[in-house]
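This report concerns only the one structure given below.
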Amino acid sequence: MEEPTAVANGTLTLLNLNITNGFVWKSVEWNWWVICQALLAVVGLLGNTVAVLVYSIRSQFDKSTCFLIKALAVADFVSSISFIPLRTAATVPDNFMGHLYCKFIFPNVTLWLSVVASIFTLTAISVERYLAVVHPIKYRKYFSNTHPQIVVLSIWLSSGVINSCSLFISHRDPDTGVCFVSFGTSFIQHVIGIFLFLVEYFLPVLIMISTQVITIKHLYTEDKTTSHDGMTRGTSSNSTVRQTRFVFKARKKIVRMLCVVILIFVICWTPDQLALITFHLGLTEPQYLAGDVYRIFVVLAFCNSCANPFIYAVSNPQFRETLRQILTRQAQSIGLTIGSTQSTPPNDATPSRNELSTV
């Protein structure tokens, strides 16, 4: 490929670019930022694949919760794919593909679509747990049968609508062919920045924290009431009390795990969101978003997409047990495959299934 030259600050400079069909592509530079992107993408892909498999198998208790957690893992999986470092275009041609690149690929719409879907799904899980514990009748009404699927579909549609703003602020420069972002006026930038901060971060965090505080308080009160009833009633109700306490204990584990997920989300995303809102309000220079400090905030934010599967594994014994069963079955399957490819034993003796599995 031809490597064009460009004049920068009066000096002839050789750019490491490739020209393909009118697109001028930059080569990937493997600096710390790109290496972190690649590592987060790989960890996120593997971890969320495991989470989807586990919650697809173990869904006996609170099927709507398992479905939403699985939907959260799918959203994080898509985020991880979109975080894979790829070549970017230095300039694009003045045709449909060039404008399409500036509208969708340049602002990485798929990445932010899945990020917002992940945030909204985590918010939906918080509301679902709140209704299950505090308002069980409403819970059966809103989270039964196909309702969780409708919730997830609505989340992705809402995320698409929110991220459609990139269609209006991402452009191609007609003179240079460079993609750029322009809000038009500072007022529009302020409005968009405040809107995105409220919808994508502040309101979801407020809903998550408030619902979990109420849920934990309700569980604590119900636990004390159940314990008191178990002591005052006769032994005829002991089985009922034990069953009720088992349900409360299971719900406590889920709420505890969810609280850790929310805490990690707040820790990971708060620096990035505060940096973005200060930029949109004109409190920081645009160059700040291209600096190492902000890139550290972005790396921290996308650690959240990798963290959830580890949280599930640490806080949920059933998750670990199901994962162990999956790995054991895979190991046995490999053993059976290896055993079946070996030569037939002498005297036409066919090995048993147990013998094959130990090969």
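The values are calculated or read from the model by the stated rules, or taken from the named source; none is laboratory data. If you're wondering where the values come from, they're calculated on a predicted model, not measured in any experiment. Using ideal geometry, Cβ is built from the backbone for each residue, glycine included, and neighbour counts are taken over all protein chains shown.
State yes or no: is F187 among the aromatic types (F, W, Y), more than 21 Å from A89 (Cα to Cα) and free of Cβ contacts under 8 Å to residues at least 40 places away in the same chain?
Yes, satisfied.
In the range 32-48, is there at least one residue being modelled with pLDDT of 85 or more, touching a Gly at 6+ places or on another chain (Cβ under 8 Å) and either at positive phi or of a type in the set (F, W, Y) (or both)?
Scanning the range 32-48, I find no residue that is modelled with pLDDT of 85 or more, touching a Gly at 6+ places or on another chain (Cβ under 8 Å) and either at positive phi or of a type in the set (F, W, Y) (or both), so the answer is no.
Test A90 against the criterion of being among the aliphatic types (A, V, I, L, M) and in a helix (DSSP H, G or I), and give yes or no.
For A90, the condition - among the aliphatic types (A, V, I, L, M) and in a helix (DSSP H, G or I) - is not met.
Within the group V255, V298, which residue is modelled with pLDDT of 90 or more, surrounded by 12 or more Cβ atoms within 10 Å (Cβ to Cβ), in a helix (DSSP H, G or I) and aliphatic (A, V, I, L, M)?
After applying the criteria, what remains is V298.
List every residue pair whose Cβ atoms sit under 6 Å apart, with the two residues 6 or more apart in sequence or on different chains, where the first one lies in the range 279-291 and is closer than 18 Å to I194 by Cβ and the second, anywhere, is β-branched (V, I, T) and surrounded by 13 or more Cβ atoms within 10 Å (Cβ to Cβ).
From the range 279-291, the pairs are T284/T278.
Select from the range 116-140 the residues that are free of Cβ contacts under 8 Å to residues at least 60 places away in the same chain and in contact with a helix residue (DSSP H, G or I) (Cβ under 8 Å, 6 or more places away or on another chain) and list them in ascending order.
Within the range 116-140, A117, T121, A124, L131, K138, Y139 qualify.
Considering every residue within the range 267-276, establish whether at least one is among the hydroxyl-bearing types (S, T, Y), surrounded by fewer than 16 Cβ atoms within 10 Å (Cβ to Cβ) and modelled with pLDDT of 70 or more.
Yes, the range 267-276 has at least one match.
For the range 50-84: of the residues being surrounded by 16 or more Cβ atoms within 10 Å (Cβ to Cβ) and not in a helix (DSSP H, G or I), which is modelled with the highest pLDDT?
Of everything passing the filter in the range 50-84, F83 is modelled with the highest pLDDT.
Among the listed residues Y288, Y312, which satisfies the condition of being of a type in the set (F, W, Y), modelled with pLDDT under 90 and crowded, with 16+ Cβ neighbours inside 10 Å?
Result of the check over Y288, Y312: Y312.
Of all helices (runs of 4 or more DSSP H) completely enclosed by the range 98-217, which ones contain at least 2 residues that are modelled with pLDDT of 95 or more and of a type outside the set (G, A, S)?
Here the list reads 109-134, 147-163, 186-197.
Looking at R320, is it in contact with a helix residue (DSSP H, G or I) (Cβ under 9 Å, 6 or more places away or on another chain), surrounded by fewer than 18 Cβ atoms within 10 Å (Cβ to Cβ), among the basic types (K, R) and at pLDDT below 90?
Considered against the rule, which asks whether it is in contact with a helix residue (DSSP H, G or I) (Cβ under 9 Å, 6 or more places away or on another chain), surrounded by fewer than 18 Cβ atoms within 10 Å (Cβ to Cβ), among the basic types (K, R) and at pLDDT below 90, R320 comes out as yes.
Conditions: (1) more than 23 Å from R295 (Cα to Cα); (2) hydrophobic (A, V, I, L, M, F, W, C); (3) within 11 Å of the chain's Cα centre (by Cα). F96 meets all but one. Number of the miss?
The failed condition is (3).
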